[in-house]
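Undergrad: Dropping a structure here in C-alpha cells format, bear with me for questions.
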Amino acid sequence: AQTVTQSQPEMSVQEAETVTLSCTYDTSENNYYLFWYKQPPSRQMILVIRQEAYKQQNATENRFSVNFQKAAKSFSLKISDSQLGDTAMYFCAFTEIIQGAQKLVFGQGTRLTINP
Amino acid sequence: ETGVTQTPRHLVMGMTNKKSLKCEQHLGHNAMYWYKQSAKKPLELMFVYSLEERVENNSVPSRFSPECPNSSHLFLHLHTLQPEDSALYLCASSQGRFSNQPQHFGDGTRLSIL
C-alpha cells in the first residue's frame, strides 16, 4: 500500500525566511503524481504545487518549489520569502488512478506558522 | 468561490438522528470524493465516484451511505452515527482520468455527534 510520511508535525519561522517541509512516500509504481496542498484556518484545501514523477525537473510556482528525489522517494516543499498568509497546515499527497478516478493518499500534515 | 460547495458548514446531531451532507461542483469534473479529516490523523478517503459510479469504498461503516445522482452532486447520508464519527468531512472533485489534474476541495462540513 502507498504511504506518505511527513515527519515534522509543526514548524515555525519568521516572516521573509525560507522554510522547507519534508515528505517521503512509499510506492511500487513508476509513474505517479505528487502534490502539496495547503489548508488555512478557513478549512479549504488549496493546491500549492504538483510534480509528475517522470519529470526530473523540480516544479516551481512563484515562491514555492519542490526538491523531488525519486530514488529516495522524497518530495520536500520549499517556501521562500515566507509571508504571514502562508500560515496553514501543509499536506503532501500521492496519487494513483483507480478505475478512472484519482486516489489521493495524504500525509499527516505539518502545521506551519509564520511569525511577524 | 471555490467551485465546490458543501452544505451545511456545521452540523450537530444525536446518535439516533438521520442527516445528509451535500456537495455540489461547478467545474465540469467527472469524479467526486468524500474524505474524513479527524484530529491528528491523515485525511482518509471514504468514497470515490467516477462518472456517477462508485469505484471505491474504503472500508467505511454502513452508517455512512453515499449517493451520486449526477456528476455535479454528491451526498453523504448519515444514520446512527457514533461519537468517533465527529470530524470534518471534505468533498472534492477532479477530472478523474487525468492523474495530474488536482482535486478541488470544498470548505467541508464540521460534524459533531452528541
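The values are calculated or read from the model by the stated rules, or taken from the named source; none is laboratory data. These numbers were taken from a predicted model, which means no experiment stands behind them. Using ideal geometry, Cβ is built from the backbone for each residue, glycine included, and neighbour counts are taken over all protein chains shown.
Undergrad: All but one of (1) under 10 Å from the mean Cα position of the chain (by Cα); (2) touching a residue at least 60 places away in the same chain (Cβ under 8 Å); (3) over 24 Å from A:Met89 (Cβ atoms) hold for B:Pro66, so report the exception by its number.
TA: Failing condition for B:Pro66: (2).
Undergrad: Of the residues that sit in segment B:87-105 and are in contact with a Ser or Thr (Cβ under 6 Å, 6 or more places away or on another chain) and touching a residue at least 40 places away in the same chain (Cβ under 8 Å), which one is farthest from B:Leu11 (Cα to Cα)? Let's see the steps before the verdict.
TA: Of the residues in segment B:87-105, the ones in contact with a Ser or Thr (Cβ under 6 Å, 6 or more places away or on another chain) are B:87, B:89, B:96, B:99, B:101, B:103-104.
Still in the list and also touching a residue at least 40 places away in the same chain (Cβ under 8 Å): B:87, B:89, B:96, B:103-104.
Numbers: B:Ala87: 10, B:Tyr89: 11, B:Gly96: 29, B:Gln103: 24, B:His104: 22 Å.
If we take residues in segment B:87-105 being in contact with a Ser or Thr (Cβ under 6 Å, 6 or more places away or on another chain) and touching a residue at least 40 places away in the same chain (Cβ under 8 Å), then B:Gly96 is farthest from B:Leu11 (Cα to Cα).
Undergrad: State whether the residues of segment A:52-73 include one that is among the β-branched types (Val, Ile, Thr) and over 30 Å from B:Tyr89 (Cβ atoms).
TA: Filtering segment A:52-73 down to residues among the β-branched types (Val, Ile, Thr) leaves A:60, A:66.
If we keep only those that are over 30 Å from B:Tyr89 (Cβ atoms) as well, we get A:60.
Yes - at least one qualifying residue is present in segment A:52-73.
Undergrad: Please enumerate the residues belonging to segment B:28-63 that are more than 13 Å from chain A (Cβ to nearest Cβ) and either surrounded by fewer than 16 Cβ atoms within 10 Å (Cβ to Cβ) or in contact with a helix residue (DSSP H, G or I) (Cβ under 8 Å, 6 or more places away or on another chain) (or both).
TA: The answer is B:Gly28, B:Pro61, B:Ser62, B:Arg63.
Undergrad: When only residues in segment A:2-38 that are over 11 Å from A:Ser76 (Cβ atoms), free of Cβ contacts under 8 Å to residues at least 60 places away in the same chain and in a loop (DSSP other than H, G, I, E, B) count, which is farthest from the other protein chains (Cβ to nearest Cβ)?
TA: Checked segment A:2-38; the qualifying residue farthest from the other protein chains (Cβ to nearest Cβ) is A:Ser28.
Undergrad: Right, something else. Please determine, by comparing only the residues of segment A:43-63 that are within 13 Å of the chain's Cα centre (by Cα) and more than 20 Å from A:Val4 (Cα to Cα), which one is farthest from the other protein chains (Cβ to nearest Cβ).
TA: A:Thr60
To keep it simple, each residue is scored yes or no on (1) of a type in the set (Phe, Trp, Tyr); (2) at pLDDT below 95.
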{"position": "A:Ser65", "(1), (2)": "no, no"}
{"position": "A:Lys70", "(1), (2)": "no, yes"}
{"position": "A:Ser74", "(1), (2)": "no, no"}
{"position": "A:Gln83", "(1), (2)": "no, no"}
{"position": "A:Thr95", "(1), (2)": "no, yes"}
{"position": "A:Ile98", "(1), (2)": "no, yes"}
{"position": "A:Ala101", "(1), (2)": "no, yes"}
{"position": "A:Phe106", "(1), (2)": "yes, yes"}
{"position": "A:Thr113", "(1), (2)": "no, no"}
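Undergrad: Do you know which of the residues in segment A:76-102 that are surrounded by 20 or more Cβ atoms within 10 Å (Cβ to Cβ) and without any contact (Cβ under 8 Å) to a residue 12 or more places away in the chain is farthest from A:Ala59 (Cα to Cα)?
TA: Filtering segment A:76-102 for residues that are surrounded by 20 or more Cβ atoms within 10 Å (Cβ to Cβ) and without any contact (Cβ under 8 Å) to a residue 12 or more places away in the chain, the one farthest from A:Ala59 (Cα to Cα) comes out as A:Ala101.
Undergrad: Further question: Give me a count of the residues in segment B:72-114 that are surrounded by fewer than 19 Cβ atoms within 10 Å (Cβ to Cβ), at pLDDT below 90 and under 22 Å from B:Thr5 (Cβ atoms).
TA: 2
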